[in-house]
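Here is the structure we will look at, set down as structure tokens.
The values are calculated or read from the model by the stated rules, or taken from the named source; none is laboratory data. Remember, it's a predicted structure, so these values are computed and weren't measured experimentally. Here the Cβ positions follow ideal geometry from the backbone for every residue, glycine too, while neighbour counts run over all protein chains shown.
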Amino acid sequence: MDKILIVEDEPALIETLEYNLSRQGYRVTTAQDGFSALAMARQAHPDLILLDVMLPGLDGFEICRILRQEMNVPILILTARDDEVDKIVGLEVGADDYLTKPFSMRELLARIKAHLRRVRLIREEMGSEDETPNGTAITQRKLVFDNLVLDPDRHEVLLNGNVLHLKPKEYELLVFLAHNRRIVLGRDLILERVWGWDYSGGSRTVDVHVRWLREKIEVDPADPQRIVTVRGTGYRFEG
């Protein structure tokens, strides 16, 4: 049963969210201020976090920034502010999605299911266990590209032996690119496979995340050798 942490300071909305999510079979925990949210996230290890922006103590952006350094859980920001700058800030600090209040409960549930489904698919694709013909579990091999190593057992990426601190979507993007090495991938295809067909953002999201990845894995991000731009189409991962 998937666990969802609701971080929200409006009692009526907490009650509504908790009721609807519980009916869908999710285990729900709640926090009503920033410091409680951090403590609850670290204690409960949720599978997804619904995070309000305006909170007592620490705001949602700061909570997101802190948690993103500690865990790869999907974070969906809820806010009453429909401002593009806020959306960009949310993505910059590591949020996976953004929903403006008031929102449709049906849309929220659909997005939650989509994010959890993508996490499961990534775990299966990069899972730590496969089965041999006789049913014995074996360890998934690392993906090694010279000094760049993707370690699915630890859900880590290493460069020159040092762990890179990637945001969840950066990790998922790198996994998808690595599994399609030397294949030209269009932005729309990447967006669909990594963010999902129902993602409301545009292809610029892909470009931004590619830029972030290049800053972490390329010797010279201005002259990328690992993630190559294919003009007019998208990107190709060379390894």
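Look at residue 147 and say whether it is in contact with a Leu (Cβ under 8 Å, 6 or more places away or on another chain) and either assigned by TED's automatic domain parsing to the domain that holds residue 107 or loosely packed, with under 15 Cβ neighbours inside 10 Å (or both).
When the stated conditions are applied, residue 147 passes them.
Quick check, is residue 76 touching a strand residue (DSSP E or B) at 6+ places or on another chain (Cβ under 9 Å), outside the structural domain of residue 165 (by TED's automatic domain parsing), under 25 Å from residue 203 (Cα atoms) and aliphatic (A, V, I, L, M)?
Spelling it out, residue 76 is indeed touching a strand residue (DSSP E or B) at 6+ places or on another chain (Cβ under 9 Å), outside the structural domain of residue 165 (by TED's automatic domain parsing), under 25 Å from residue 203 (Cα atoms) and aliphatic (A, V, I, L, M).
Which members of the range 150-194 meet the condition of being in contact with a strand residue (DSSP E or B) (Cβ under 8 Å, 6 or more places away or on another chain), part of a strand (DSSP E or B) and either of a type outside the set (Val, Ile, Thr) or surrounded by fewer than 19 Cβ atoms within 10 Å (Cβ to Cβ) (or both)?
150, 151, 156, 158, 159, 163, 185, 186
Does residue 49 count as assigned to a helix (DSSP H, G or I) and either touching a strand residue (DSSP E or B) at 6+ places or on another chain (Cβ under 8 Å) or not hydroxyl-bearing (Ser, Thr, Tyr) (or both)?
No.
Please go through the range 187-213 and pick out each residue that is among the aliphatic types (A, V, I, L, M) and in contact with a helix residue (DSSP H, G or I) (Cβ under 6 Å, 6 or more places away or on another chain).
190, 191, 194, 206, 213
Assuming residue 219 fulfils every condition listed in (1) part of a strand (DSSP E or B); (2) at pLDDT 90 or above apart from one, which condition is it?
With (1) part of a strand (DSSP E or B); (2) at pLDDT 90 or above applied to residue 219, the lone miss is (1).
Given the conditions (1) surrounded by fewer than 19 Cβ atoms within 10 Å (Cβ to Cβ); (2) at pLDDT 90 or above; (3) not in a helix (DSSP H, G or I), which single one is not true for residue 5?
(1)
May I ask you to verify whether residue 32 is of a type in the set (S, T, N, Q), surrounded by fewer than 13 Cβ atoms within 10 Å (Cβ to Cβ) and either outside the structural domain of residue 72 (by TED's automatic domain parsing) or out of contact with any Cys (no Cβ under 9 Å at 6 or more places or on another chain) (or both)?
So residue 32 does not fit the description; no.
Considering only residues that are in contact with a helix residue (DSSP H, G or I) (Cβ under 8 Å, 6 or more places away or on another chain) and either over 15 Å from residue 145 (Cα atoms) or exposed (fewer than 12 other Cβ atoms within 10 Å of the Cβ) (or both), which ones fall in the range 214-223?
If the condition is that a residue be in contact with a helix residue (DSSP H, G or I) (Cβ under 8 Å, 6 or more places away or on another chain) and either over 15 Å from residue 145 (Cα atoms) or exposed (fewer than 12 other Cβ atoms within 10 Å of the Cβ) (or both), then 221 is the only one that fits.
Would you check which residues across the range 132-184 are more than 20 Å from residue 236 (Cβ to Cβ), at pLDDT 85 or above and among the small types (Gly, Ala, Ser) and list them?
Hit for the range 132-184 is 161, nothing else.
State all residues of the range 8-46 that are aliphatic (A, V, I, L, M), in a helix (DSSP H, G or I) and closer than 21 Å to residue 62 by Cβ; if no residue qualifies, say none.
The answer is 13, 14, 37, 38, 39, 40, 41, 44.
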